[in-house]
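Laboratory data are not the source of any read-out in this text; all were calculated from the coordinates shown. Source: prediction; values computed, not measured. For neighbour counting, all protein chains shown are included, and Cβ atoms are generated from backbone atoms with ideal geometry for every residue, glycine included.
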Amino acid sequence: MEKPIAIVTGSSSGFGYLTVLELAKSGFHVVATMRDRQKAGPLIEEAKKWNLDSWITIHDLDVTQEGSSRNLSLLVEKMGRVDVLVNNAGYAAGGFVEEISLEAYRNQFETNVFGVIQVTKAVLPFMRKQGRGKIINVSSISGKMAFPGLSPYVASKHAIEGWSESLRLEMKPFGVDVVLVEPGSFKTNIWSTGKQVTLSEPDSPYYSYMAGIENYLEAGEAKYGDPREVSRKIVEIAKMNKPSLRFPIGKRVKMTIFLRSFIPWKLWEKIIWKNLT
């Protein structure tokens with residue numbers, strides 16, 4: 001294939017859906033992967049409107065299943081190369097630590113961490129042999145700072161941040177770039193249908209605390225950013241020569257990360273508490 005090839009995980013909605021379309025518009029042949037092929041309808045219909053459907057390949061992929069990742073390797077081998085991998089698939093698990101089951105934590109890491117590792121390992125041999133490629137991991141501002149009531153999600157994104165740093169250093173000699181995109185709050189389904197919260201019961205000591213967090217998040221929804229901003233940034237990175245490691249994106253995200261890095265923890269703690277009570 002003459003066009004560069006990109007693989008995007010979690011393509012049925014949100015950042016993944018939009019990134020597939022933006023990459024195809026920018027001249028990529030895109031392998032749009034998703035766990036449930038039946039959810040590909042809206043993506044295919046939108047692609048047809050832009051005459052892009054011939055440059056989008058729908059591929060079944062459950063990032064948590066080893067056999068599914070092996071099938072992805074076979075597809076890449078058949079295509080002959082892979083230029084960009086966008087690790088986007090994920091969801092947000094929340095609740096309070098005392099009330100969240102260990103199984104919920106394990107499930108969160110299976111998708112958000114081990115799923116990313118497994119898919120990346122499926123394409124690394126091809127990129128290494130090519131001597132080029134980009135691995136773009138969709139992290140979050142939650143990978144740089146914590147928030148109460150979201151410890152599974154926050155922990156998973158912190159893990160991806162550290163893992164990506166190590167992988168970037170490992171792949172540097174082979175011409176493969178590893179990049180982190182760190183979105184703030186955007187209007188995607190990760191905070192609605194993509195959210196799995198262990199709710200506190202009315203008699204729980206955390207019930208009023210959880211209500212305060214939910215109210216805070218809901219009050220901020222009107223200010224959430226346009227997710228197309230993130231998808232366009234991913235495309236920009238995909239076409240960039242020697243991109244840097246981190247790309248924070250969203251309203252006040254850079255400033256928030258900067259403040260979190262420099263102000264004392266006790267002051268940061270007061271700021272968070274003040275916003276939630």
Next on the checklist: If R₀ is 30 angstrom, what is the calculated FRET efficiency for the pair residue 166 and residue 242, using the beta carbon separation as r and rounding to 0.05?
Outcome noted: 0.95
Item to check | Radius 11 Å from Cβ of residue 263, net charge of other residues (Lys, Arg +1; Asp, Glu -1) | outcome: +2
Checklist entry - Simple spin-label model, 7 Å along Cα-to-Cβ: residue 37 to residue 208 in nm? => result 5.3
Checklist entry - Among 127, 34, 171, which one moves the most in a GNM of the chain with springs linking Cα atoms closer than 10 Å? => result 171
Item to check | Per-peptide average of other Cβ atoms within 10 Å, ordering 71-79, 138-146, 196-204, 56-64 highest first | outcome: 138-146, 56-64, 71-79, 196-204
Next on the checklist: Given a 10 angstrom Cα cut-off, can you work out which residue in 126, 258, 186 is the most mobile in a GNM of the chain?
Outcome noted: 258
Item to check | Computed [θ] at 222 nm, helices only, for the chain once each DSSP H run of length n ≥ 4 contributes -39500 (n - 2.57) | outcome: -14500 deg cm²/dmol
Checklist outcome for this item: Residues whose built amide H sits under 5 Å from the amide H of residue 133, excluding neighbours closer than 5 in sequence, are 177
Checklist entry - Cα-based Rg (one decimal) and Dmax (whole number) for the chain, in Å? => result 19.0, 62
Checklist entry - In a GNM of the chain with a 10 Å cut-off on Cα contacts, which of 262, 114, 15 has the highest mean-square fluctuation? => result 262
Checklist entry - Is any residue of the range 64-79 close enough, with backbone N under 19 Å, to a label point placed 7 angstrom from the Cα of residue 130 along the Cα-Cβ axis, and if so, which? => result 69-79
Checklist outcome for this item: 1/(1 + (r/R0)^6) with r = Cβ-Cβ of residue 105 and residue 74, R0 = 30 Å, i.e. FRET efficiency to nearest 0.05, evaluates to 0.40
Item to check | Dipole magnitude of the range 5-276 about its Cα centre (Cβ charges: Lys, Arg +1; Asp, Glu -1), debye to nearest 20 | outcome: 1260
Item to check | Reachable aspartates and glutamates from residue 144, criterion Cα separation under 19 angstrom, eight or more residues apart if same chain | outcome: 161, 165, 182, 269
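When the chain is fully extended, how far beyond the present Cα-Cα distance does residue 261 get from residue 81, taking 0.36 nm per residue of separation? Don't skip to the answer; put the middle values down first.
Working: separation 180, 0.36 × 180 = 64.80 nm, distance 3.96 nm.
Using 0.36 nm per residue and subtracting the Cα-Cα distance, I get 60.8 nm.
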